[in-house]
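*Asks:* Have a look at the structure that comes next, please.
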Amino acid sequence: MSNSPDQSRKAGNGEDSIYWDKSKNRYIGAVSLGYTPSGKRHRQKVSGKTKTEVRLKLRELKKELEAGRKASATYTVEQAVSDWLKHGLKGRDTASIDTYRSLATNHVVADLGRAKLRDLEADALDHWLDQKSMVLATSSLQMVLSILRRSITQAERRGKVSRNVAELVETPEGQSGRQSKSLTLMQAKAVLITMPGSWIHAYVALSLLVGIRTEEVRPLTWSHVKLEVPDGTMPHVEVWRSVRREGETKTRKSRRTLAMPKQLVSVLSSLCEAQQAQRALLGLAWSDEDFVFGTDSGQQRTAEGVRRAFRSLLKEAGFEDPKAWTPRELRTSFVSVLSDHGIPIEVIARVAGHSTTHVTEQVYRKQLRPVITQGAEAMDEIFPDAEEPKE
C-alpha cells in the first residue's frame, strides 16, 4: 500500500493525528486537548516535511504538555536575551549592565539571535562555544554562556521553553586574558613626578602609594580623606565606598582605613587648595562631600575619562606605549613595590583589602617575595622625597 500524503489515516476521537496540508505543502500533527468552554475543539499543532519529523515533534509537544507548559514555536534567542536584559538585571550597577548588554549583543544575539529557542540543541551550542573560544578569553566565555543560561532560565519560568539546553554544555578553555603588569621602581618614580599639580597626578599618587581599587578612588570624597588629625594619628584615607551597587566595597574586608605616606598628604593638600580656588573662580560652593577627583563642576569622573588622562600622563612621563597600560595596574604596582621592599604577604593582603592571602598570592604571585615590615612607612622609605622635574 502506498504512503502518499493524501492517504493518511484519519485519527479517531482522542487520538493524535497526522495529515497532509496541501496549502502548506507540509505534514501537520495535532494533539487533541478536549474542548474549550465555548464547545470548540482545542488542539495543539506541529508541522514538518515528513511524518517521522512530525511524530518526533508530537512526542516533544506531549512531554511539554504533560509538564504543564507549551513551548513557543516562534520565540527566539534574541527575544529571550532581550527579555532578560530588561527584567533580569534589576539592582545591578550601570557598569555591569553595560558589560552584560555588550556581550549579549555582540556574541549571543549576533550569533544565535534568529534561532528558535525551542529548537536549540546542545551540539549546536558546543560548536558555537568552540568557535567563540578562538577569540574570547575564558572569563568572557563564561559570562557569555551565563547570559544565555540566565536568559533561557527566565524563558523557562514563563513557559516559553520546556528545558534549558544551555545547562547541558560546558565552557571550553578560551584565549589567555590580558596579563596584568606592574611598573618598575624607576617607572613608578617617573610617574610620581609627572604633571604635578594636576588632578591625575594626585589620582596616580593615591592609587600607587596606597593601592586602593579604581572603583574606590573615583567616588572618594574629601570627608573620607583626613589630612590633619589632631590626636596624633597618622593622616589617613577611609576606603568605605565604591562605584559598585549601593556604594558597597568589593568585600567586607575591602572596607578599610589606610594611613597615607607623607608625599601623598602633601599632594592631596595641594589638590584640595587648588580645587577650592577653582570652585570659587567658577562661582560654585565647595564642601567636604565633593569628590576628591571630581570634574571642575563637581561631577564624578567616568572610568573612560580617568583612563584617557592616565595615558596622557604616561606619555608625558616618556612611556613608549601608554595605551598598553590601565589605571588598574597602579594597584598591581603598589603590591609589587611593597613586595620588592620586603613587606610580608599578610600585611600586603590586609592593606590591599583582599579577603585572604590566597587572593594576593594568586593574582600577584610573580611579584611576591615572603618577608618583613609595613605600609605607609615603607612608602616613605621607598619614595623619601619626590624630586621635582628639572626645567
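Read the figures in this text as sums done on the coordinates, not as results from a lab. Predicted model only: the values in this text are computed from it and were never measured. Using ideal geometry, Cβ is built from the backbone for each residue, glycine included, and neighbour counts are taken over all protein chains shown.
*Asks:* Starting from the Cα of residue 288, step 7 Å along the direction of its Cβ; do the same at residue 74; then give the gap between the two resulting points in nm.
*Replies:* 6.3 nm
*Asks:* May I ask you to compute the full-extension gain from residue 320 to residue 295, defined as 0.36 nm times their residue separation minus their alpha-carbon distance, rounded to one decimal in nm?
*Replies:* Contour length minus Cα-Cα distance gives 6.2 nm.
*Asks:* Still on this model: Could you list 260, 195, 234 in order of exposure, starting from the residue whose Cβ has the fewest other Cβ atoms within 10 Å? Mind dumping the intermediate values first?
*Replies:* Working: 260 25, 195 17, 234 14.
Ordered from fewest to most neighbouring Cβ atoms within 10 Å, 260, 195, 234 come out as 234, 195, 260.
*Asks:* I've got another one for you. Quick one: which of 24/62; 57/116; 22/49; 45/160; 262/315 span more than 18 angstrom between C-alpha atoms?
*Replies:* On the way: 24/62 23 Å; 57/116 14 Å; 22/49 12 Å; 45/160 16 Å; 262/315 26 Å.
Check vs 18 Å cut-off fails for 24/62; 262/315.
*Asks:* Enumerate by residue number the trypsin sites (Lys or Arg not before Pro) in the range 111-203 meeting two conditions: DSSP loop (anything except H, G, I, E, B), and at most 12 other Cβ atoms within 10 Å of the site's Cβ.
*Replies:* Details: sites: 114, 116, 118, 132, 149, 150, 157, 158, 160, 163, 178, 181, 189; in loops: 114, 158, 160, 163, 178, 181.
When the trypsin sites (Lys or Arg not before Pro) of the range 111-203 are filtered for loop state and at most 12 Cβ neighbours within 10 Å, 114, 178 remain.
*Asks:* Right, next: Restricting to Cα atoms and excluding each atom paired with itself, what does the Kirkwood estimate give for the range 271-311 in Å?
*Replies:* So the Kirkwood estimate lands at 10.8 Å.
*Asks:* Right, next: Take the alpha carbon atoms of the range 77-168, find their radius of gyration, then divide it by 2.2 N^0.38 Å using N residues; give the quotient. Before the final figure, lay out each step's value.
*Replies:* Values: Rg = 12.4 Å, N = 92, 2.2 N^0.38 = 12.3 Å.
Dividing the Cα radius of gyration by 2.2 N^0.38 Å gives 1.01.
*Asks:* Residue 43's amide H: which non-local residues (gap 5+, or another chain) put their own amide H closer than 5 Å, with H modeled 1.01 Å from N in plane and none for Pro or chain starts?
*Replies:* 33
*Asks:* Quick one: if you stick a label point 7 Å off each Cα along the C-beta vector at residue 43 and residue 25, how many nm between them?
*Replies:* About 2.3 nm, to one decimal.
*Asks:* Pairs 40/63; 63/86; 86/132: which exceed 28 Å Cα-Cα?
*Replies:* 63/86
*Asks:* Ok, one more. How big is the range 115-167 by the Kirkwood estimate over distinct Cα pairs, in Å?
*Replies:* By the Kirkwood definition, the hydrodynamic radius is 11.6 Å.
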